[in-house]
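Shown next, in structure tokens, is the structure this report addresses.
Quick note: the coordinates plus some simple rules give every number you see, no bench work behind them. A quick note: this is a predicted structure, and the numbers were derived from the prediction, not measured. Cβ placement follows ideal geometry from the backbone for every residue including glycine, while neighbour counts extend to all protein chains displayed.
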Amino acid sequence: MNPAVAGAVLGGLGVALGAFGAHGLAERIAPDRLAIYETGVRYQLVHALALLAVAALCREGSGNRPAWLFVAGVVVFSGTLYALALGGPRWLGAVTPLGGLALIGGWIALALAVRAG
């Protein structure tokens with residue numbers, strides 16, 4: 001995986017999803033569900049930038065683990081929040097923390113990759 005490409009794709013999608021939330025959902029879903037949606041967008045955008053940091057800080061190959069953890073974390077964490085906000089099944093709330101663990105793991109893996117040089 002190319003972390004810079006993944007970061008750019010997640011960043012662009014994050015902007016599009018944020019605009020959709022602000023303009024397409026604001027009047028259609030309850031404020032508490034919109035806040036859940038916005039949390040998903042925020043974490044997606046932050047971790048898009050984290051993927052760009054992986055590309056900048058890690059030698060080729062050493063950033064694979066943090067990159068995959070960040071992508072998996074965004075898909076699970078933000079994805080379940082989007083689904084919950086849009087009326088998905090409540091049991092998805094139990095899955096969301098697994099995405100958070102992947103994101104935390106990505107930060108730890110990034111620290112280890114940078115430390116290793």
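A few remarks follow.
- Taking 0.36 nm per residue of sequence separation and removing the Cα-Cα distance, the residue 35/residue 1 pair yields an extension gain of 9.1 nm.
- Helical content alone sets the calculated 222 nm signal of the chain at -23500 deg cm²/dmol, taking -39,500 (n - 2.57) per DSSP H segment of four or more residues and averaging over every residue.
- Computed about the Cα centre, the dipole magnitude for the chain is approximately 200 debye when only Lys and Arg (+1) and Asp and Glu (-1) carry charge, each at its Cβ.
- Total charge dipole magnitude, the range 26-74, about the Cα centre, Cβ charges on Lys, Arg, Asp, Glu only, Debye to nearest 20: 120
- For the options 48, 94, 56, a Gaussian network treatment of the chain with springs between C-alpha atoms closer than 10 Å singles out 94 as fluctuating the most.
- For the range 3-116: relative contact order, % (alpha-carbon pairs under 8 angstrom, 6 or more apart): 30
- Within the range 3-116, the ratio Rg/Rh, alpha carbon atoms throughout and Rh by Kirkwood, equals 1.03.
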